[in-house]
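Have a look at the structure below before the remarks.
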Amino acid sequence: MKHFYLITNERKDPQGQYTERITTYLRARGGEVTCVDNTSEAIGAAIHTSDTPGTEAADDIRTGCTECALVLGGDGTLLRAARNMTNSDIPLLGMNLGSLGYLAEVETGSIEQALDRLLADTYTREERMMLEGRVYLRGKMDETTENAADTGMEENYALNDIVISRCGSLQILTFDIYVNGQFLNRYSADGMIVATPTGSTGYNMSAGGPIVEPAANLLLLTPVCPHTLNTRSIVLAPEDEIRIEISQGKDGHMQTVEANFDGSHKVIMRTGDSIMIRKALKTTGILKLNTESFLAVLHKKMSE
């Protein structure tokens, strides 16, 4: 490959030394590089608005010139890039400038070797499943029926997880969970995580959920600090649909929570609102240069 899209990170690379290092190296070997900061709205605009002329980077993506997106930063930067580029077929390669990266596999000491392998087309591509979350808001009362009326629906995607967490004071949250329309359980917890196999090593792992081979195809449902002794993570089939309803809190009080998509996009939800989560039809392409097994990488990361 010769055409690259470099998503930089001003916070992780404030002097631009890694950006310059990568662009100089690739251009000296015949590569073409277009740079955009990870905070730029041009990433999402380039993908989601195909009819609107944009930046040079947007035009490169739209015309299909870009073969790979190099993502500087850490796992968070790569997750944001995956969401912004959902409607493209451009694979991502993470270059880790953070502290701990499961997704960003290229470390700073091996950047040139990684670029050489890309230029020589010696890599593999993995397709990672994503989540689609649809938030249904019913926060407005209908004056004629005195029932909550639909006020809108918001849809978004996540590569790692969708997390329902408290918004405001520290108090127990109550959720009603349905799977394929069938009531599963009412949870009292600090939050609820729905994760992909890719996201199993993220918040899901920190909350005591299982670690899953990222190439697997399944859904993970993990409560955060459940207020019961017998609540565990549940592993569901990829065809299952999970609906989380925000019920009334303690003493019938209204609850206010946040639905977080990969930790970078949030939607405020209240009692009466719900979110439907399922496997997305879209996937994220991740380029792999490392020949080590997932277990070997996991051992190394957990020993750091």
- Message: List residues of region 198-240, by number, whose backbone nitrogen lies under 17 Å from a label position 7 Å along Cα→C-beta of residue 178.
- Response: 240
- Message: How big is region 212-287 along each principal axis, measuring the range of its Cα positions in Å and listing the largest first?
- Response: 49, 30, 21
- Got the relative contact order for the chain handy, in percent, Cα pairs under 8 Å and 6 or more residues apart? 18
- Query: Hey, in the GNM for the chain with a 10 angstrom Cα cutoff, which one of 173, 229, 221 fluctuates hardest?
  - Reply: 229
- Task: Take the Cβ-Cβ distance between residue 216 and residue 170 as r, set R0 to 45 Å, and report the resulting FRET efficiency rounded to the nearest 0.05.
- Result: 0.85
- How do 97, 118 rank by accessible surface area computed with a 1.4 Å probe, from largest to smallest? 97, 118
- Message: If you fit an axis through the alpha-carbon atoms of helix 294-303 and take the longest principal axis of the Cα set of the chain, what angle between them do you get, 0 to 90°, nearest 10?
- Response: 80
- Message: Quick check: at a probe of 1.4 Å, how many percent of the accessible area of the chain sits on carbon and sulfur atoms?
- Response: 48
- Task: Please state the charge dipole magnitude for region 157-266, taken about the Cα centre, from unit charges on C-beta atoms (+1 on K and R, -1 on D and E), reported in debye and rounded to the nearest 20.
- Result: 280
- Treat every Asp and Glu Cβ in the chain as -1 and every Lys and Arg Cβ as +1, leave all other atoms uncharged, and give the resulting dipole magnitude about the Cα centre to the nearest 20 debye. 580
- Message: If each residue of separation counts as 0.36 nm, what is the full-extension length gain between residue 206 and residue 240 once their alpha-carbon separation is subtracted?
- Response: 9.8 nm
- Query: Of the residues 134, 11, 80, which exhibits the maximal mean-square fluctuation in a Gaussian network model of the chain defined by a 10 Å Cα contact cut-off?
  - Reply: 11
- Build a GNM of the chain with springs between Cα atoms under 10 Å: which of 266, 12, 250 gets the top mean-square fluctuation? 250
- Cβ-based charge dipole, the chain, positive-most Cα from 114, 156, 274: 114
- Query: Can you give the extra length, in nm with one decimal, that the chain gains between residue 3 and residue 155 once fully stretched, where that is 0.36 nm per residue apart less the Cα-Cα distance?
  - Reply: 51.6 nm
- Can you give the convex hull volume per residue for the Cα atoms of region 147-282, as a whole number of Å³? 118
- Two-site FRET efficiency, residue 297 against residue 32, from Cβ-Cβ distance with R₀ of 30 Å, rounded to 0.05: 0.45
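The values are calculated or read from the model by the stated rules, or taken from the named source; none is laboratory data. Remember, it's a predicted structure, so these values are computed and weren't measured experimentally. With ideal geometry, Cβ positions are generated from the backbone for all residues, glycine too; neighbour counts draw on all protein chains shown. These accessible areas exclude ligands, DNA and RNA; they are computed on the full protein's heavy atoms, side chains included. Shrake-Rupley method; radii C 1.70, N 1.55, O 1.52, S 1.80 Å.
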